[in-house]
Amino acid sequence: MADTLVHVVLLLVMPPVLLGVINKTKSWFGGRKGPHVLQMYFDIAKLLRKGFVLSTTTTTMFVLGPAITLVSVMLAGILVPLGGFRAPLSFTGDFILFAYLFGMSRFFTMTAALDTGSAFEGMGAAREGTFAVLSEPALFFVFLTLARLSGSLSLDGILHASVGNFSAGTAAPLILSVFGLFAVLLAETCRIPVDDPNTHLELTMIHEVMVLDHGGPLLGIIEYASSIKLFVLGSMLMNVIFPFSMDNAFLGWGVFILRLLVLSVVIGVIESIMARLRMKRVQYLLISALLLCGAGFLLLVR
């Protein structure tokens, strides 16, 4: 019961910190002091206090889209085990529900963008849908690889697959899956080199262009949901890399938090030293991730 409570609290409270650590790391590389690591909390709170203006061309879907997106990623977070602890909700085949919850959040974000009737937001929705065609199969290949390795069909077993199963024969599939999953994480969370969350150039945007007409509480919900998605996918990646649990629950949760903070620093470093890919080259990164994950699965079934 205590572990479930900690899981829910971390899922609700910690995600904005990860974005704060990323922004702080990028500031250090740029020689600037940068915003406080808790700045995202203040930004989201400020947005929630504001009002918002609705276009006459929009329907109820424009308002419901961000709310459904937030609920979807929260439910996905309940299915993912954090660290070496069990997920609050686990059942056979839950990884399929997880993938489709992420897909549903993407669908309603795209639908809300299309609801505005804006050509720019329609362009962003088209790009998002196109890249999802490549990132979702890569994610499923990761699940299939880990399911084959663990003999389990639930995320609890899948994400702890390498515990007791690590050997010379499984090292290559796991390494390929880790690199592929990391590329999927960057794409799904709209990070450099796939997308730039801070850009204001519509022609180079993917995710950000879809939310140009959202403001106030709606934009705050979108930003919060985006941070939760980073938290959930980062937790999955850390479970694959470090699937081990600890006897001391307090120490185990502390180590899990530390791992996510280190991952945020790594993402910040990558964004600081890498330039954003040209739009036509983003597909090459996602195809590479798909091939890496697929190769990892084939190495296990050969």
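The values are calculated or read from the model by the stated rules, or taken from the named source; none is laboratory data. Fair warning: this is a prediction, and the values are worked out from it, not measured in the lab. Cβ: placed from backbone, ideal geometry, glycine included. Neighbour counts: every protein chain shown. Just so you know, the surface numbers come from the protein's heavy atoms only, side chains and all, with ligands and any DNA or RNA stripped out. Shrake-Rupley method; radii C 1.70, N 1.55, O 1.52, S 1.80 Å.
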**OP:** In nm, give the distance between the simple-model label positions of Val265 and Leu38, each being 7 Å from the Cα along the Cα-to-Cβ direction.
**Re:** 2.1
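With a 1.4 Å probe and all protein chains left in place, how much accessible area per residue does the chain have, in Å²? List each step's numbers first, then the result.
Values: 13720 Å² over 302 residues.
That works out to 45 Å² per residue.
Treating the beta-carbon of each Lys and Arg as +1 and of each Asp and Glu as -1, no other charges, what is the dipole magnitude of the chain about its Cα centre, to the nearest 20 debye?
Working: 19 positive and 17 negative charges, 125 e Å.
Dipole about the Cα centre, nearest 20: 600 debye.
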**OP:** Would you mind computing the Rg to Rh ratio of the range 214-302 from its alpha-carbon coordinates, Kirkwood style for Rh?
**Re:** 1.06
Subject >> Carbon + sulfur, % of accessible area of the chain - ligands and nucleic acids excluded, 1.4 Å >> reply: 70
**OP:** Could you run the Debye sum over the Cα atoms of the range 59-137, one equal point scatterer each and no solvent, and tell me log10 of I(q)/I(0) at q = 0.16, 0.26 Å⁻¹, two decimals?
**Re:** -0.66, -1.16
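Roughly how large, in nm² to one decimal, is the mean projection of the convex hull of the alpha-carbon atoms in the range 57-196? Provide the component values of the computation, followed by the final result.
Numbers: hull surface 36.8 nm².
About 9.2 nm², averaged over all directions.
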Original post:
Which ³J(HN,Hα) values in Hz, rounded to whole numbers, follow from the phi angles of the range 125-142 under the Karplus curve 6.51 cos²θ - 1.76 cosθ + 1.60, where θ = phi - 60° and Gly and Pro get x?
Top reply: 5, 5, 5, 4, x, 5, 6, 5, 4, 9, 6, 5, x, 4, 5, 5, 5, 4
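Ranked from the most accessible area to the least, with a 1.4 Å probe and all protein chains present, what is the order of Thr57, Thr92, Thr25? Working shown, then result.
Working: Thr57 80, Thr92 110, Thr25 5 Å².
The ranking, largest first, comes out as Thr92, Thr57, Thr25.
Quick one: divide the alpha-carbon radius of gyration of the chain by 2.2 N^0.38 Å and tell me what you get. Provide the component values of the computation, followed by the final result.
Details: Rg = 18.9 Å, N = 302, 2.2 N^0.38 = 19.3 Å.
So the Cα radius of gyration is 0.98 times the expected 2.2 N^0.38 Å.
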Original post:
R0 = 51 Å: FRET efficiency of Ala171 with Leu5, Cβ-based, nearest 0.05?
Top reply: 0.90
**OP:** Treating the angle as unsigned and between 0 and 90°, give the value, to the nearest 10°, between the Cα long axis of helix 2-13 and the longest Cα principal axis of the chain.
**Re:** 30
Subject >> Partners for Lys24 among aspartates and glutamates (Cα-Cα distance below 19 Å; same-chain residues under 8 apart left out) >> reply: Asp43, Asp195, Asp196, Glu223, Glu271
Original post:
When the solvent-accessible surface of protein heavy atoms is calculated with a 1.4 angstrom probe, in what order do Val266, Val142, Val255 fall, highest first?
Top reply: Val266, Val255, Val142
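How much of the calculated P(r) for the range 1-119 lies past 26 Å, in percent of all Cα pairs?
So the pairs more than 26 Å apart make up 41 percent of the total in the range 1-119.
For the chain, what relative contact order do you get, as a whole percent, if you take Cα pairs closer than 8 Å and at least 6 residues apart? Spell out each step's value before the answer.
Details: 457 pairs, mean separation 93.2, N = 302.
Once normalised by length, the contact order is 31 percent.
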Original post:
For the range 201-257, what mean projected area does the convex hull of the alpha carbons give, in nm²?
Top reply: 5.8
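Can you show me the helix-derived [θ] at 222 nm for the chain, built from DSSP H runs with n ≥ 4 at -39,500 (n - 2.57) apiece and divided by the number of residues, rounded to the nearest 500. Numbers along the way, then the final one.
Numbers: 11 runs with 210 residues, N = 302.
Rounded to the nearest 500, the figure is -24000 deg cm²/dmol.
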**OP:** Give the angle, between 0 and 90 degrees and rounded to the nearest 10, that separates the Cα long axis of helix 168-188 from the longest principal axis of the Cα atoms of the chain.
**Re:** 10
Subject >> Translational diffusion of the range 40-101, µm² s⁻¹ [Kirkwood Rh, Cα pairs; Stokes-Einstein; 10 °C; 1.306 mPa s] >> reply: 110
